[in-house]
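> Please see the structure below; I have some questions.
No lab work stands behind these numbers, since they all come straight from the coordinates. This structure is a prediction, so every number in the text was calculated from the model and none was measured. Cβ placement follows ideal geometry from the backbone for every residue including glycine, while neighbour counts extend to all protein chains displayed.
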Amino acid sequence: MSTLAAARADNFYYPPEWTPKKGSLNKFNGQHALRERARKLDQGILIIRFEMPYHIWCGGCNSMIAKGVRFNAEKKQVGNYYSTKIWNFSMKAPCCKNEIVIQTDPKNCAYLIISGAQQKTEVYDVEDAETFELPADEEKGKLADPFYRLEHQEQDLKKKKEAEPVLVRLQRISDSRHSDDYSLNKALRSQLRSQKKRVREEEGTARKIGLGVRLLPASADDAAKAASVRFPHKFEKNRKEKRAQINSSSIFGGSSHYSDSRRLELEAKRRKINTSSVSKILVGGFKPSSLSSTISGQKRRR
């Protein structure tokens, strides 16, 4: 069962105060059966869904509105063609809110643009489109003549014979393509599996080198561009000198790298310092440390 809200929306809900003597629900609620669509019905205007019959150019912003686009249009009668009513549809363009007015043409069984837009003319060649041209109205009237119809029939048979080889060839190609659906499906599934396998391999290769995106396979164009790149001579020279300096430096050194002359100078100073300290120790000219003096003082007190 539907809920109370759904019943009210479908106009199936009868309130307790309603009685059959009060008429229909629309009359009881004081509203029209078409609700908001009939808000201008006193002016002879009904709101409908209008579908654009052909491609048009908007008169406000010159944008194209395609065939089949639907609008909330105001429909009203503006005249008669004999006993057929002529209807007028006015709507707002979705691109710039320009008002477009279209009217029916019962005489030619078409639609006429009154204002706000312009019909898009589409001209094509029959031979380029590979279609058959329909006979004009004059030829349709001439077909009532038996002699003209016989002559026209002979021309049609001639055109049929000329076009028959092409049609037979197209039919043969179509039959060969759709003769074995299982083989076609098998080939398609095989192609899809190989494609998925290639994608997995490319993703795995990208993860190995620490990339979060899948790399496309290398092409001949990529190889040619990589081979055409040439680094300057100065860059190669600096790179070789830097590597030679790193290889010649000690692994126990500090953050800065010294040259060979500077390193020899520091080693000579270090030897002089070590030689002077050893000689002082041998002749007893070294200064006792605070710890040794403290120990000797304690021994004297005892």
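> I need the phi-derived Karplus couplings for the range 207-223: 6.51 cos²θ - 1.76 cosθ + 1.60, θ = phi - 60°, integer Hz, Gly and Pro marked x.
Per residue, the Karplus-derived 3J(HN,Hα) values read 5, 5, 8, x, 9, x, 10, 7, 8, 6, x, 5, 10, 5, 5, 4, 5 Hz.
> Summing +1 for each Lys or Arg and -1 for each Asp or Glu, what net charge is found among the other residues whose Cβ lies under 14 Å from the Cβ of Thr205?
Around Thr205, the surrounding residues sum to +3.
> Using a basic spin-label model with each label point 7 Å from the Cα along Cα→Cβ, how many nm lie between Gln155 and Glu122?
Reported label-point gap for Gln155 and Glu122 is 2.7 nm.
> Which pairs break 20 Å Cα to Cα here: Lys22/Lys76; Lys76/Lys107; Lys27/Lys85; Lys92/Lys120?
Lys22/Lys76; Lys27/Lys85
> If you don't mind, another one. Please report the spacing between the Cα centers of the range 61-76 and the range 84-123 in Å, no decimals.
8
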